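The next block holds one structure in the form of structure tokens; read it before the comments.
The values are calculated or read from the model by the stated rules, or taken from the named source; none is laboratory data. Computed from a predicted model, the values in this text were never measured in an experiment. Note that we place each Cβ from the backbone using ideal geometry, even for glycine, and neighbour counts take in every protein chain shown. Ligands, DNA and RNA are excluded from the accessible area calculation, which covers all protein heavy atoms including side chains. Shrake-Rupley method; radii C 1.70, N 1.55, O 1.52, S 1.80 Å.
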Amino acid sequence: MGFLTKYGSAWGAIPMTGGSVYWVSPGDSYTVDGKSYSASDDNDGLSPERAHRRISRAITLATANAGDVIALLPGAHTTTVALPASKAGISFVGLPYQPEGDGIQSIPQASITGTAAIGVAVTAADVSFYNIRFIPVTQFQAVTFTTAADRLRFKHCMIDMVGVVGHANTKGITGTGATQAPTGLRIQGCYIRAGVATTSSGFAIDVSAAIEYIVEKCVIFHNGFVASAVAWTAACKVNDNAYGIWRDNDLIASNVAVAVTGFIVGVTHTGAGAVQFIRNTTTVNTSGAAFTGWAGADADLCLNYIATVAAGTGGTLITSTT
């Protein structure tokens, strides 16, 4: 169960759970409440004083569909192989986590990155991630998912692609292939940033062929002022047979000289009205279209605007996705 603190609150109350809470340290030693402890995979992980050393150990001990939570203590959690999020109903929470509404949170202190590997591979339903910074490594993905990952959720997380060597296969959250089609994917209140140098990286978000997905209240930011900056070819991707909503997102590109060619890129879809773009905004530094790649009937537009410079009108309605 959640660990009761001296302040009278329960670790594990975010998310609320009746399952076990497994604690994981990013290093061999760590500090809780001013006291130093040693992390070990021989620990049971059920108390902050007995944290595991690796996330994979906590996954092994967790029970599917029991509301179990894996709490990541602050710091950089690294893995040499893809973390197998293969048990349904598990939640991963980066600490400290003090959610403030549905908006963007501060940069999470707990991060997950691979070392020449995919960070996390989700192959089960009802897996959730809260307040975690995901850092992909060159030619690998931060998080992958398959069709089995129904109701996969990311809330108040961060995809950090700044400083990563550019490559088309360096990606954030993505299906393992264009036809992966989980139902109910949710990406909410997340911060995605890229500073592409020398070679463009791949997509920060690729919903693959997800069904009834929602990407909302996120910020996608491209820093065009990093050394040797180049244009970001495409920030996000939607494949055929996907249908869902992009709502209330801010799509930002700094430095018009190395803009984003397309923020949300699609393909000609089999069915009309597959994608809804509602109240999204983008900066003037998008060299191509904010939404591009669909046939005219594939996407519905409602109150999406591209910014203008200070002497302009303050915003221009987006009317095209081709």
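Remarks
- Residues of type lysines that Lys155 reaches as a straight line, Cα spacing below 16 Å, ignoring anything fewer than 8 places off in the same chain: Lys217
- Efficiency of FRET from Cβ geometry, Ala178 and Thr198, R₀ 22 Å, rounded to 0.05: 0.25
- Stretched out straight at 0.36 nm per residue, the stretch from Val81 to Asp250 would grow longer than its current Cα-Cα span by 57.5 nm.
- Heavy-atom surface of the chain, accessible at 1.4 Å and reported per residue (Å²): 41 Å²
- The share of accessible area on the range 207-322 that comes from carbon and sulfur is 60 percent, using a 1.4 angstrom probe.
- Gyration tensor (Cα) of the range 12-83, equivalent ellipsoid semi-axes in angstrom: 19, 15, 10
- Theoretical gain in end-to-end length, Ala272 to Thr138 [0.36 nm per residue, Cα-Cα removed]: 44.6 nm
- In this simple spin-label model, placing a label point 7 Å from the Cα along the Cα-to-Cβ direction at both Thr308 and Ser106 gives a separation of 3.9 nm.
- Charge dipole magnitude, Cβ of K and R +1, D and E -1 - the range 214-301, Cα centre, debye nearest 20: 140 debye
- The range 62-184 - percent of accessible surface contributed by carbon and sulfur, probe 1.4 Å: 53 percent
- Across the range 131-202, the mean sequence separation of Cα contacts (distance under 8 Å, 6 or more residues apart), normalised by length, yields a relative contact order of 42 percent.
- Kirkwood hydrodynamic radius over Cα pairs of the range 6-142, then Stokes diffusion coefficient at 4 °C and 1.567 mPa s, in µm²/s: 86 µm²/s
- Over all Cα atoms in the range 223-322, the spread is summed up by Rg and Dmax: 13.6, 42 Å.
- Dipole magnitude of the range 86-191 about its Cα centre (Cβ charges: Lys, Arg +1; Asp, Glu -1), debye to nearest 20: 120 debye
- Estimated 222 nm signal from helices in the chain, with DSSP H stretches of n ≥ 4 weighted -39500 (n - 2.57), rounded to 500: -500 deg cm²/dmol
- Heavy-atom accessible area with a 1.4 Å probe sorts Ser38, Ser56, largest first, into Ser38, Ser56.
- Relative contact order of the chain, taken over Cα pairs closer than 8 Å and 6 or more residues apart, is 9 percent.
- When the charge dipole of the chain is built from unit charges on Cβ atoms (+1 for Lys and Arg, -1 for Asp and Glu) and taken about the Cα centre, the candidate among Gly27, Ile159, Pro136 whose Cα reaches farthest toward its positive end is Gly27.
- For the pair Arg50 and Thr316, the difference between a 0.36 nm per residue extended length and the Cα-Cα distance amounts to 90.2 nm.
- Principal axes of the range 81-207: Cα extent on each, largest first, Å: 39, 33, 22
- Computed on the Cα atoms alone, the convex hull of the range 149-297 gives a volume of 90 cubic angstrom per residue.
- Projecting label points 7 angstrom from Cα along Cα→Cβ for Ala227 and Ala295 puts them 4.8 nm apart.
- Taking the Kirkwood radius as Rh and the Cα radius of gyration as Rg, the chain has a ratio of Rg/Rh equal to 0.99.
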